[in-house]
1. At what distance in nm do the modelled label points of Asp161 and Ile223 sit from each other, each positioned 7 Å from its Cα along Cα→Cβ?
2. Arrange the following residues from fewest to most other Cβ atoms within 10 Å of their Cβ: Ser102, Ser157.
3. Place a point 7 Å from Cα of Ser102 in the direction of its Cβ. Which residues in the stretch 47-74 have their backbone N less than 19 Å from it?
4. Please report, to one decimal in angstroms, the Kirkwood hydrodynamic radius of the stretch 203-260 built from all distinct Cα-Cα pairs.
5. Find how much the distance from Ile73 to Thr87 grows on full extension, using 0.36 nm per residue of separation minus their present alpha carbon separation; answer in nm with one decimal.
6. Any idea what the dipole of the stretch 118-260 comes to, in debye rounded to 20, about its Cα centre with Lys/Arg Cβ at +1 and Asp/Glu Cβ at -1?
7. Once both labels are modelled 7 Å past Cα along the beta-carbon direction, what's the Asn113-Glu257 spacing in nm?
Amino acid sequence: MKQAILKILSGVKKIKPKLKNLMIRSFIFLIFFISHFAYSQNIIGVYSSVEPKCKLNLKIAHDNGFIFSIGKIKKYKGTVKISKEDTVTYLDFNDGIAAMYSNDTISIQNSGNSMNQYTHFKECDEMYIHLVKKSYFESLYSLLSYEKKLSGFIVSSTLSDIENMISEVPIQKDNIDQYNNLAYYLAQTKNGNQFAITILNEIIKKCPHRTVAYLNLADSYWIAGEKVKASINYQEYLSLMKSQKKDLKKVPKYVGERIE
C-alpha cells in the first residue's frame, strides 16, 4: 500500500519532501479512518461468554469504547482497535488482549502455555473464550442503560432497525417493562425520540390499558412538536388514571397545562 502511494506521489513534479510526507501521512490516515469506521460498525453491541463456567461480559459502544466485566465487577475498559486482513477481523484490546471477530462472535485466547504463560481473566478457567453478541434488543437496552449522559448520545440505529427489533423480539408480558424503559432511554437521547414513539405505540397496541405508556408517548409527541397528538395521549393518560382509581397526586402538573 505504502509503495503504491509513493509511486503515485513520485510522478508529481516539484513536491517538497515535507509536503510529500504530509500528503502520505494524510492519505494513510484517511484510508485507516474509513476502514476503521466501516469495520467498527459491525462489532457494536453486548456480548456474553458461551462457556458455562465463565461469566464474562463485554460491551462495545458506538465510539469503540469497551468494558469487560465479570458479573457486575468491571475488569478492563478502553478503546478497541480494529484491523482486517482478507476475510478476518482482528480486535486489539488493552493489556495485550487480542481477539478475532466473525459472525457476531469474539474469540479470545485467555491463557498461554508453558513457553508463554499468561492469563487475562483468572475467573474464567478456560484457555479460549467465545463471546457471542446478544440480540439487537438486548444490546441496545444494555448500551443505553449503561450510558450516563443520554442527552448527548447519538443512537446509531434507523427506524427500520427498531421495527425489525420489535418483529424479532415481540413485546410480551415478560419484556414489556424493558421495552417501556428502552423507549424512555431513547427519548432522552439526541436523535432517538422518534424511535421511542414507535416503541410506545406498539406497547399500547399490545397493552391498551398501560397508563404510563400514554404519559411517555404524550411526552415524546410533545418533544417532537406534535402538540395535538400529545394532548390526545395526555387526556387518555388522565382518563385511565381516574378509571383505574390511581393516585391523582402522582399526575405531573404539566399534564393539565398541555391538554387542549
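No lab work stands behind these numbers, since they all come straight from the coordinates. Given the structure is predicted, the values throughout are model-derived calculations rather than measurements. Methodologically, a virtual Cβ is constructed for each residue, glycine included, from the backbone with ideal geometry; neighbour enumeration extends over all protein chains shown.
1. 1.7 nm
2. Ser102, Ser157
3. Of the residues in the stretch 47-74, 48-51 have backbone N under 19 Å from the label point off Ser102.
4. Values: mean 1/r = 0.0886 Å⁻¹.
Averaging 1/r across every pair of different Cα atoms and inverting gives 11.3 Å.
5. Separation in residues times 0.36 nm, less the Cα-Cα distance, equals 1.6 nm.
6. Computed charge dipole of the stretch 118-260: roughly 720 debye.
7. Each label point lies 7 Å from its Cα, and together they span 7.1 nm.
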